[in-house]
1. Got a number for carbon plus sulfur as a percent of region 82-148's accessible area, 1.4 Å probe?
2. Would you report the distance distribution of C-alpha pairs in region 48-91 as whole percents per 5 angstrom bin, up to the bin with the largest distance?
3. Give me log10 I(q)/I(0) at q = 0.21 Å⁻¹ for region 137-218, Debye formula, one equal scatterer per alpha-carbon, no solvent.
4. So if each residue of separation counts as 0.36 nm, and I subtract the Cα-Cα distance between Glu60 and Asp85, what length gain in nm does that give?
5. Find the centroid of the Cα atoms in region 159-177 and in region 45-69, then give the distance between the two in whole Å.
6. With a 1.4 Å probe and all protein chains left in place, how much accessible area per residue does region 152-198 have, in Å²?
7. Tally Lys/Arg at +1 and Asp/Glu at -1 over every other residue whose Cβ is under 13 Å from the Cβ of Lys116; what's the total?
8. At most 14 other Cβ atoms within 10 Å and a DSSP loop assignment: could you name the GluC sites (Glu not before Pro) in region 69-119 that fit?
Amino acid sequence: MKKVIILLFVLLISCKKEGKVISNPIIPEVKKEKSVIKKKIDNPFLFLSLKDSIDVKTLEFPFELRRNDICVTVAIGYGWNAFDDRIHYVFSEDSTINAFKEKIPKSYLKGEKYKKTVETIKLNDEKRKELFNALTSEQTINFQKYKQTDFKIDSNKISVCTVTDDNGYSIRFLQNNTHNSFFYYAPIFALNKCDDETINKSVLKEFIELLKIWKVEL
């Protein structure tokens, strides 16, 4: 009987010791992680996908571009007219927009009355908003994926459509010595009246819509 009582007493003491171990587990010290340095966010004003390099000095601009300025140049060649138009819209990071218009004589015309002129275009708040909306529009941003060669479809056939005394249109997007430029002669005629399988009419149609966004009269 005494042996049984002693055995029970030993078991009771053993259980209490185990209970203490279970109720007070050793918690290892957790090391604090080093703070993660966030990556520098790209300048939100660099949103155009421009591909081709260019030396701005060769363009003979009537003004000097500052770093990150975006210059959108719309040029219209007026067929047999003596002068062509070139309009520059300059967008700066401080939300200012400036505009200039050049009247440029045809290269074969000489004389005092055939000189290039430059004039500043005054912009009201409504026009500035309109221009900014054009710059950030889906048409402008999406068209940057194209190249000038995308207006043509590879084909063994020869283009048969010709037209004279029509207007040619170009638009250039320029920033930090990189640019995308696009040109097409008589785009409305080519889209609607020219049965030419070498013309990529889907790209041409987008080009026309792009010009309309920039308020170019076709």
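1. Numbers: 2150 of 4290 Å².
C and S atoms contribute 50 percent here.
2. Spelled out bin by bin, region 48-91 gives 5, 15, 25, 25, 15, 9, 5, 1 percent.
3. Values returned for q = 0.21 Å⁻¹ are -1.03.
4. Details: separation 25, 0.36 × 25 = 9.00 nm, distance 1.47 nm.
Between Glu60 and Asp85, full extension yields 7.5 nm more.
5. Between the Cα centres of region 159-177 and region 45-69 lies a distance of 19 Å.
6. 59
7. That works out to +1.
8. Glu93, Glu112
The values are calculated or read from the model by the stated rules, or taken from the named source; none is laboratory data. Note that the structure is predicted; figures quoted are calculated from it, not measured. Positions of Cβ are generated from backbone atoms using ideal geometry, with glycine treated the same way; all protein chains shown enter the neighbour counts. Please note that ligands, DNA and RNA were not included when accessible areas were found on the heavy atoms of the full protein model with its side chains. Shrake-Rupley method; radii C 1.70, N 1.55, O 1.52, S 1.80 Å.
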